[in-house]
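Engineer: Sharing a structure, written as structure tokens. Questions coming.
The values are calculated or read from the model by the stated rules, or taken from the named source; none is laboratory data. The model shown is predicted, which means the values in this text are computed figures rather than measured ones. Cβ atoms come from the backbone with ideal geometry, glycine included; neighbour counts cover every protein chain shown. Keep in mind that these areas ignore ligands, DNA and RNA; they rest on the heavy atoms of the full protein, side chains included. Shrake-Rupley method; radii C 1.70, N 1.55, O 1.52, S 1.80 Å.
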Amino acid sequence: MRIAESVLDLLEFHKSLFPFAENLRGEPGARALASLALCRSLEELEKRHDLLKSWMDCSDRYGDRQFPWNADVVCVSELFPSARKSGILLGDELLKIRVLLRLATDVRGALAGLKAEYPAFELPERRIRDFTAELEALSVIEDSGRLADNASPKLQEIRGELEALKRAGRKTASRLMEDPNILNMLQERSPAWRDGRFLLLVRQEYINRFPGLLVDRSSSGNSVYMEPRMLSSVNNRMVLQARDEHDEETRILMEITGKMIARERAITEAESVLGEIDLLYATHEVMKKRRWTLPELTRKTQISLVGARHPLLKEAAVPVDVRCGGGFTSLVITGPNTGGKTVVLKTTGLCAAMAWAGLPLPARDGSVVGNFDALYADIGDEQSIEQNLSTFSAHLKNIVAILKTADRRSLVLLDELGAGTDPHEGAALGIAILDTLKDNHVLTLATTHHNPIKQYALTTPSIETASMEFDIEKLAPTYRLLMGVPGQSNALLIARRWGMPEAVLERARSSLRERDVSAEDLMGELNERRVFLDREERRLEAERAEMARLKKFYEERVAEIDYQKDKIIEAADRRASDFVSRAEATSRDLIKSLEAAAKSAAQREFNDRRRDLQTIRKGVDSRHAKRVEKELVGRPESFVPKEGVTVQVAGSPIVGVIESVKNGKASLVAGAMRLEVPVDQLLQTQKKAKVAAPPVDTSSIIIKHESVPSSLMIRGMGVDEALPLAGTYLDRAYRAGYTSVVVIHGRGEGVLRREVHALCARLKYVADYRLGEVSEGGYGVTVVSFRR
């Protein structure tokens, strides 16, 4: 979207970005914010939104530390113009480049690791090039900005010789200071280091007697710096060696600088990406702290703001709801002076500009910004002394330019339409301007005081009216925007408040035309009714919110009670089923031990009791089926079980992760268990799947065979197929050293469960068997413990 810089200044766009500036972490981010440009197309804007949403989601999931940052990073692009001229960058300047390139490399690695999950990160990751060679070259710069000794073999050699000369100079100076004749002449008993030479500080009165050359005076003037003849040779050699050191350092710095200049474009681009990353961080912080929101984007030419506030007003801002587009292309806002009309106009323009810069808005969720090519505005007093233009002429100049360029993809903001000249002519001209913009389908928001323009807006299709609310009792504006209601000027009411004589006010009323008086009265009545309806609407909304809260509270309480009831019944059913299974197994063993004569009678008694037990079991299964059906009723239709999704099995506490889906059945991993469950029996859940394995004896781990799992799945098999598998498995598990294992037989009609329990009762090495606890899978599994 195109917006002239002068219009951005009118909207106070750059000033309004201070919340983002407060949350930036470094200079690159500040530069990115200062140079932030509006998107040129809706596609570009959508990409910016995708990048910001990806950043927000990644930050919320993994934390801000996922992206590295260095508070010492600064902009380095301004170093290159002077570097190209001089051919050299100093050590501290190269150190700044190294800090930036290291951070860019770390950020590139973070983006590369996340781009599979967040495709929007791929573009900024590609914009940061590989700087391995440059970082290697810069590694010879110490953190102080000084070249390291190993920057080159020659520099290392020179510095080694220089250190040896310094040691020799200190040693010679120490010998001199041990001489009593010399010691008496000294002001200080330690050598001084000035301009790369060792000197001694000598008292003023001994200048002619000291064996050496005068070099300088002290700051006090009471002593002088002198170079002993014994140190002249060492000092001269040190000066030459220091010059060689400087020459070698200059050569190395020029070589490194040349490498940086060769990658200037890539380094500048990396700096830009870091600035954008910092701006993303600041934007997310603003959204969290200030509750600003990203607007919805639409390809239609319209704008709708919900609870919008101008940032510069801070806490004094009154949220306004304003919209234009859809059923109408022009919105005419009326109301008294200082009532907030211009603020609404600026807030609308500012939000449109911020939206097209890819930034969140100081507004609530539900705000919509459409597809605009340009935004034009004529706001405030634009008198120009240089061009000798009056206020009215300045406005006309702007409006003429707008009429020439605005089209159906433009947003136009006009403040005080028709003001600054004769009211009748100004109103007529304002109507003509609105009519022209309406015929060209230009989205327009305008403010005015003129009654003819108000009446035109009321009676013309495609034009909507709005007004700034005015408190009649307090005679003060409330700064709320009332859509659909034209406003009164309230000039006479305000004049009365400030003490205007009643006789003057009466003459003013009598001078108004009858038509205008009727219109003003109508507008006043409409305003009063709108205020009343707004108050009633707010009261009803508060009552609805309270009723919704109470409804939710009681629904949660009822659900909690139902849940606790189901848990109690399920636990009782599980104990009953366990008891029935044990009774059947014990009865079978008892019948087998009886003599043939008594076996027939016992069998008949057993069958009678068995029918009673089956009736109990059917009741258990029926209640379980009802619980499953009840839970499945609330399952969303949009829920589609797929691989990797965490789900809960309906009617049970089993929570697991779907491993695969095939032929309407899902393979589910729940801790140590693997289940095969029909997909229509799975529920969406926020619970976490357990990964813990069944408890085992740690002393036996060393003899376990990897080929023997800790659980066996026989769910869905027939008895003839399942029992041999269960018998073989239990035998292998016992010999492998397990203390307990899990047999997964499912619930169903309980046939497999009873057969497994009967098998366990026959095996001598089985110490105990029981149905699983709620967390283990309930009575869909049997936990078998072995004798040791």
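Engineer: Applying the selection to the stretch 628-651, what residues are crowded, with 18+ Cβ neighbours inside 10 Å and at pLDDT below 70?
Structural biologist: Gly651
Engineer: Where residues in the stretch 434-470 are part of a loop (DSSP other than H, G, I, E, B) and β-branched (Val, Ile, Thr), which of them is nearest to the chain's Cα centre (by Cα)?
Structural biologist: Per the stated criteria, the residue is Val442.
Engineer: Here's another thing I want to ask about it. Quick check: is even one residue across the stretch 259-266 in contact (Cβ under 8 Å) with a residue 60 or more places away in the chain and open to solvent by 70 Å² or more (accessible area, probe 1.4 Å)?
Structural biologist: Yes: one or more hits.
Engineer: Another question, then. For the stretch 770-788, which residues satisfy the criterion of being open to solvent by 50 Å² or more (accessible area, probe 1.4 Å) and touching a residue at least 12 places away in the same chain (Cβ under 8 Å)?
Structural biologist: The answer is Arg770, Val774, Ser775, Glu776, Arg787, Arg788.
Residue by residue, here is whether (1) free of Cβ contacts under 8 Å to residues at least 24 places away in the same chain; (2) surrounded by 18 or more Cβ atoms within 10 Å (Cβ to Cβ); (3) hydrophobic (A, V, I, L, M, F, W, C); (4) on the phi > 0 side of the Ramachandran plot holds:
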| residue | (1), (2), (3), (4) |
| --- | --- |
| Ala733 | no, yes, yes, no |
| Tyr738 | no, yes, no, no |
| Val743 | no, yes, yes, no |
| Asp768 | yes, no, no, no |
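Engineer: Condition test on Tyr281, is it in a strand (DSSP E or B), among the hydroxyl-bearing types (Ser, Thr, Tyr) and either touching a Ser or Thr at 6+ places or on another chain (Cβ under 6 Å) or open to solvent by 30 Å² or more (accessible area, probe 1.4 Å) (or both)?
Structural biologist: Judged against the criteria, Tyr281 is not a match.
Engineer: How many residues does the stretch 222-258 hold that are in contact (Cβ under 8 Å) with a residue 40 or more places away in the chain and open to solvent by less than 80 Å² (accessible area, probe 1.4 Å)?
Structural biologist: 18
Engineer: Here's something else I'd like to know. Is at least one residue of the stretch 294-303 out of contact with any His (no Cβ under 7 Å at 6 or more places or on another chain), of a type in the set (A, V, I, L, M), open to solvent by less than 40 Å² (accessible area, probe 1.4 Å) and more than 30 Å from Leu89 (Cα to Cα)?
Structural biologist: Yes, there is a match, as at least one residue in the stretch 294-303 is out of contact with any His (no Cβ under 7 Å at 6 or more places or on another chain), of a type in the set (A, V, I, L, M), open to solvent by less than 40 Å² (accessible area, probe 1.4 Å) and more than 30 Å from Leu89 (Cα to Cα).
Engineer: Considering only residues of the stretch 1-30 that are more than 29 Å from Tyr376 (Cβ to Cβ), among the charged types (D, E, K, R) and not in a loop (DSSP other than H, G, I, E, B), which is most open to solvent (accessible area, probe 1.4 Å)?
Structural biologist: By that ranking, first place goes to Glu22.
Engineer: Being over 42 Å from the mean Cα position of the chain (by Cα) and either modelled with pLDDT of 80 or more or over 16 Å from Gln648 (Cβ atoms) (or both) narrows it down to one of Ser667, Ser707, so name that one.
Structural biologist: Criteria check complete, one pass: Ser707.
Quick grid of which residues meet (1) surrounded by 14 or more Cβ atoms within 10 Å (Cβ to Cβ); (2) at pLDDT below 85; (3) among the acidic types (Asp, Glu):
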{"residue": "Leu403", "(1), (2), (3)": "yes, no, no"}
{"residue": "Leu437", "(1), (2), (3)": "yes, no, no"}
{"residue": "Leu445", "(1), (2), (3)": "yes, no, no"}
{"residue": "Gln488", "(1), (2), (3)": "yes, yes, no"}
{"residue": "Trp498", "(1), (2), (3)": "no, yes, no"}
{"residue": "Ser510", "(1), (2), (3)": "no, yes, no"}
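Engineer: In the set Ser190, Ser219, which member is free of Cβ contacts under 8 Å to residues at least 24 places away in the same chain, open to solvent by less than 100 Å² (accessible area, probe 1.4 Å), over 30 Å from Met254 (Cβ atoms) and not in a strand (DSSP E or B)?
Structural biologist: Ser190
Engineer: Here is a follow-up. Out of Leu95, Leu52, which single residue is assigned to a helix (DSSP H, G or I), closer than 17 Å to Leu361 by Cα and at pLDDT 95 or above?
Structural biologist: Leu52
Engineer: Among the numbered conditions (1) over 60 Å from the mean Cα position of the chain (by Cα); (2) open to solvent by 80 Å² or more (accessible area, probe 1.4 Å), tell me where Gln204 comes up short.
Structural biologist: Only one criterion is unmet by Gln204, namely (2).
Engineer: Out of Arg309, Arg323, Arg290, report the one residue that is touching a residue at least 24 places away in the same chain (Cβ under 8 Å), open to solvent by 70 Å² or more (accessible area, probe 1.4 Å) and under 23 Å from Ser462 (Cβ atoms).
Structural biologist: Criteria check complete, one pass: Arg323.
Engineer: Right, another one. Restricting the search to the stretch 417-435, which residues are out of contact with any His (no Cβ under 7 Å at 6 or more places or on another chain), surrounded by 20 or more Cβ atoms within 10 Å (Cβ to Cβ) and at pLDDT below 90?
Structural biologist: Leu417
Engineer: Looking at (1) polar (S, T, N, Q); (2) more than 30 Å from Glu188 (Cα to Cα); (3) surrounded by 14 or more Cβ atoms within 10 Å (Cβ to Cβ), find the lone condition where Thr172 falls short.
Structural biologist: Condition (2) is where Thr172 drops out.
Engineer: Can you name the number of the only condition in (1) open to solvent by less than 20 Å² (accessible area, probe 1.4 Å); (2) modelled with pLDDT under 85; (3) over 22 Å from Ser622 (Cα atoms) that Cys760 fails?
Structural biologist: The single condition Cys760 does not satisfy is (2).
Engineer: Give the stretch 111-137 a look and list any residue that's open to solvent by less than 60 Å² (accessible area, probe 1.4 Å) and assigned to a helix (DSSP H, G or I), or say none.
Structural biologist: Result: Leu111, Ala112, Leu114, Ala120, Phe121, Pro124, Glu125, Arg127, Glu134, Leu135, Ala137.
Engineer: Given the criteria modelled with pLDDT under 70, among the β-branched types (Val, Ile, Thr) and either surrounded by 11 or more Cβ atoms within 10 Å (Cβ to Cβ) or in contact with a strand residue (DSSP E or B) (Cβ under 8 Å, 6 or more places away or on another chain) (or both), does Val517 qualify?
Structural biologist: So Val517 fits the description; yes.
Engineer: Filter the stretch 138-162 down to the residues that are closer than 15 Å to Ile97 by Cβ, surrounded by fewer than 17 Cβ atoms within 10 Å (Cβ to Cβ) and of a type outside the set (Ser, Thr, Tyr) and list them by number.
Structural biologist: Selection gives Glu142, Asp143, Gly145.
Engineer: Sticking with this one: Within the stretch 367-401, restricting attention to residues that are among the hydrophobic types (A, V, I, L, M, F, W, C) and assigned to a loop (DSSP other than H, G, I, E, B), which residue is modelled with the lowest pLDDT?
Structural biologist: Ile385
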